[in-house]
1. Send over a whole-number figure in Å² for the accessible area per residue of the chain, probe 1.4 Å.
2. Quick one, which of (1) 20, 37, 29, 13, 2; (2) 20, 59, 20, 1; (3) 24, 50, 23, 4 is the actual P(r) over Cα pairs in 10 Å bins from 0, in percent calculated for this model?
3. Taking 0.36 nm per intervening residue step and subtracting the Cα-Cα distance, what contour gain separates A24 from Q60 on full extension?
4. At a 1.4 Å probe radius, carbon and sulfur cover how many percent of the accessible area of the chain?
Amino acid sequence: MARRLATARFVEGHMAEAAAGFRASLSSEPTQWAARYGLAMTHLEHAEADGVVRECRVAQRRAEIVLHTR
């Protein structure tokens with residue numbers, strides 16, 4: 001639910017609210033790739049390259065963990 005609301009805020013251009021929603025979603029379910037992607041995109045909208053790279057690296061590590069546990 002938090003991710004959907006965050007996505008709506010993103011589309012509406014409310015980046016701070018979107019980022020907060022994506023973080024809330026990730027706090028309850030850290031493996032949720034769509035929320036991680038959304039958070040990265042909010043960083044991109046604010047030209048925060050470090051935030052984009054950080055979120056992408058976290059997503060990559062999580063994907064590698066999932067692949068190794070199968």
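The values are calculated or read from the model by the stated rules, or taken from the named source; none is laboratory data. Just so it is clear, the model here is predicted, and its values are computed rather than measured. What goes into the accessible areas is simple: the full protein's heavy atoms, side chains included, and nothing from ligands, DNA or RNA. Shrake-Rupley method; radii C 1.70, N 1.55, O 1.52, S 1.80 Å.
1. 71
2. (3)
3. Difference between extended and current length: 11.0 nm.
4. That share works out to 58 percent.
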